[in-house]
Amino acid sequence: MGTRRKSRELALQALYQEELAGQAGHLDFEEFCIHFQVSKKAIPYARKLLEGVQEKRDEINQLISRFAENWRLERMSVIDRNILRLAVYELHYQDDVPTSVAINEAVEIAKRYSTDDSGPFINGILDGMAREEMAGTGKSAETS
């Protein structure tokens with residue numbers, strides 16, 4: 001498993017813990033990493049993802065809501081919602097991550113951490129989002 005995959009999984013776990021703790025529990029990422037066996041190489045990109053999702057949460061949530069037809073964000077599982085947040089952050093704010101990689105990574109992480117239905121669900125939302133974005137920019141899925 002590559003370092004970036006480990007980073008994505010670490011960021012997912014941190015977002016999951018933060019969301020379950022609610023408003024009362026502010027996540028201290030450094031302390032979180034100390035309590036779990038974490039690859040030191042995975043921490044910088046995980047921190048970047050985590051901070052990016054936290055900073056852009058409202059915009060990311062709006063995008064997910066727009067493409068998740070018949071699904072309110074609150075009704076999604078905590079895992080699926082946070083996998084989507086990470087993937088949307090990478091799709092829209094990380095220029096060094098190709099669209100196909102961001103989508104594939106999200107689907108693979110969903111297969112590992114969520115239900116059998118999560119991979120296709122997440123893929124459908126992200127694919128729709130990517131297709132619309134590519135139609136507007138003329139980019140292909142492999143080069144964006």
Next item on the list: Name every residue in segment 69-112 that is of a type in the set (S, T, N, Q) and outside any helix (DSSP H, G or I), in order of residue number.
Entry: Asn70, Ser77, Gln94
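Among the residues of segment 77-95, count how many are out of contact with any helix residue (DSSP H, G or I) (no Cβ under 8 Å at 6 or more places or on another chain) and buried (at least 21 other Cβ atoms within 10 Å of the Cβ).
Residues flagged as out of contact with any helix residue (DSSP H, G or I) (no Cβ under 8 Å at 6 or more places or on another chain) and buried (at least 21 other Cβ atoms within 10 Å of the Cβ) within segment 77-95 amount to 0.
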Check: Going through segment 1-25 one residue at a time, which ones are modelled with pLDDT of 90 or more and acidic (Asp, Glu)?
Finding: Glu9
Note to self: So Ile34 ticks every box in (1) of a type in the set (Val, Ile, Thr); (2) surrounded by 15 or more Cβ atoms within 10 Å (Cβ to Cβ); (3) in a helix (DSSP H, G or I) but one. Which box is left unticked?
What the structure shows: (2)
Item checked: Selected residue (only one of Leu73, Leu91, Leu63 is out of contact with any strand residue (DSSP E or B) (no Cβ under 7 Å at 6 or more places or on another chain), of a type in the set (A, V, I, L, M, F, W, C) and closer than 21 Å to Gly2 by Cα) -> Leu91
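The values are calculated or read from the model by the stated rules, or taken from the named source; none is laboratory data. All figures in this text were calculated on a predicted structure; none of them were measured in a lab. Neighbour counts are summed over all protein chains in view; Cβ atoms, including those assigned to glycine, are modelled from backbone coordinates with ideal geometry.
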